[in-house]
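Below is one structure, written out as structure tokens; comments come after it.
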Amino acid sequence: MDYPESYQLVFQASAVEDDTVTVRRTEQSGAGGFPIYEDETGIVRAEISDQGEVRMLASGGHQVFGTPLVVREPSG
């Protein structure tokens with residue numbers, strides 16, 4: 001199956017605008033068998049299914065991620 005190269009994860013932020021993080025597909029697969037995506041720093045990691053379901057993955061100790069409000073493929 002072909003998976004998108006990247007997604008945008010949109011998190012609710014306390015500021016005026018929501019926080020959008022772009023993640024790119026890695027060569028790794030998660031426990032569900034779907035690709036793992038990560039941001040350029042490697043800190044934000046997520047397994048994203050072919051149905052757009054997201055499971056956030058900790059990249060270090062004591063991380064607690066919220067669930068993204070929106071998961072979308074970048075436009076353009």
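What full-extension length gain, to one decimal in nm, is calculated for VAL10 and GLU27 as 0.36 nm per residue of separation minus the Cα-Cα distance? Difference between extended and current length: 3.8 nm. If the segment from SER75 to MET1 were pulled out straight at 0.36 nm per residue, it would be longer than the present Cα-Cα gap by 24.5 nm.
Between GLU17 and GLU40, the contour length at 0.36 nm per residue exceeds the alpha carbon distance by 6.2 nm. Accessible surface comparison of TYR37, TYR7, probe 1.4 Å, protein chains only, largest first: the order is TYR7, TYR37. Taking the accessible area of segment 2-48, probe 1.4 Å, and keeping the other protein chains in place, the carbon and sulfur fraction comes to 42%.
Estimated at the nearest 10 Å², the accessible area of ASP19 is 80 Å² with a 1.4 Å probe.
Couplings for segment 33-50, taken from phi via the Karplus curve 6.51 cos²θ - 1.76 cosθ + 1.60 with θ = phi - 60°, read x, 9, x, 9, 10, 8, 7, 5, 8, x, 7, 8, 10, 8, 8, 10, 7, 5 Hz in order; Gly and Pro are left as x.
Neighbours of GLU38, meaning other residues whose beta-carbon lies under 14 angstrom from its beta-carbon, give a summed charge of -1 when Lys and Arg score +1 and Asp and Glu score -1. Among the GluC sites (Glu not before Pro) in the chain, those located in a DSSP loop and surrounded by at most 10 other Cβ atoms within 10 Å of their own Cβ are GLU17, GLU40. Averaged per residue, the chain has 68 square angstrom of accessible surface, using a 1.4 angstrom probe with ligands and nucleic acids left out.
Each Lys and Arg Cβ is given +1 and each Asp and Glu Cβ -1; about its Cα centre, the chain then shows a dipole of about 180 debye.
The values are calculated or read from the model by the stated rules, or taken from the named source; none is laboratory data. In this text, all values refer to a predicted model and were calculated from it rather than measured experimentally. Virtual Cβ from ideal backbone geometry, glycine too; neighbours counted across all protein chains shown. Protein only, heavy atoms only, side chains kept; ligands, DNA and RNA dropped before computing areas. Shrake-Rupley method; radii C 1.70, N 1.55, O 1.52, S 1.80 Å.
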